[in-house]
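The values are calculated or read from the model by the stated rules, or taken from the named source; none is laboratory data. Just so it is clear, the model here is predicted, and its values are computed rather than measured. Backbone-built Cβ (ideal geometry, glycine too); neighbour counts: all protein chains shown. Surface areas here come from the heavy atoms of the whole protein model, side chains and all, with no ligands, DNA or RNA. Shrake-Rupley method; radii C 1.70, N 1.55, O 1.52, S 1.80 Å.
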Amino acid sequence: MNFTLLITFLDGTSKEVTGIAADLVAFEAEFDLSVSRLNQDMKITHLLWLGWHVIKRTGETKHAFAKWVESVEGVEAVAPK
């Protein structure tokens with residue numbers, strides 16, 4: 001159930017994050033959308049939110065999503081290492 005995202009920030013840094021089941025459950029609760037439907041109906045907001053949730057869950061940010069996303073240039077799903 002793990003997934004890996006590469007988040008690139010406006011300051012030129014990047015961070016690879018690995019999500020777990022807790023992040024997927026929180027996603028489904030937030031968006032009322034099954035993660036199994038992401039392949040059909042994915043929005044960039046979904047990937048950004050998942051990345052933010054991993055970073056927030058791990059204590060690396062205290063910012064709300066809307067504030068945090070102002071520092072992000074992009075996000076992409078990557079194969080786990």
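Criterion first (open to solvent by 80 Å² or more (accessible area, probe 1.4 Å), under 13 Å from the mean Cα position of the chain (by Cα) and modelled with pLDDT of 95 or more) does Glu30 satisfy it? Considered against the rule, which asks whether it is open to solvent by 80 Å² or more (accessible area, probe 1.4 Å), under 13 Å from the mean Cα position of the chain (by Cα) and modelled with pLDDT of 95 or more, Glu30 comes out as yes. Taken as a whole, the structure leaves Leu6 outside the set of residues that are touching a Ser or Thr at 6+ places or on another chain (Cβ under 8 Å) and open to solvent by 90 Å² or more (accessible area, probe 1.4 Å). A Cβ distance below 7 Å, combined with a sequence gap of six or more or placement on separate chains, defines the contacts here; from the range 1-30, residues that are farther than 23 Å from Glu73 by Cα and in a helix (DSSP H, G or I) reach residues that are open to solvent by 60 Å² or more (accessible area, probe 1.4 Å) and modelled with pLDDT of 95 or more in the pairs Ala22/Arg57.
I'd like the residue in the range 33-59 that is touching a residue at least 24 places away in the same chain (Cβ under 8 Å) and open to solvent by 90 Å² or more (accessible area, probe 1.4 Å) and, out of all such residues, is farthest from Glu16 (Cα to Cα). Across the range 33-59, the extreme among qualifying residues is Ile44. Within the range 8-27, restricting attention to residues that are among the β-branched types (Val, Ile, Thr) and within 13 Å of the chain's Cα centre (by Cα), the residue that is farthest from Val54 (Cα to Cα) is Thr8.
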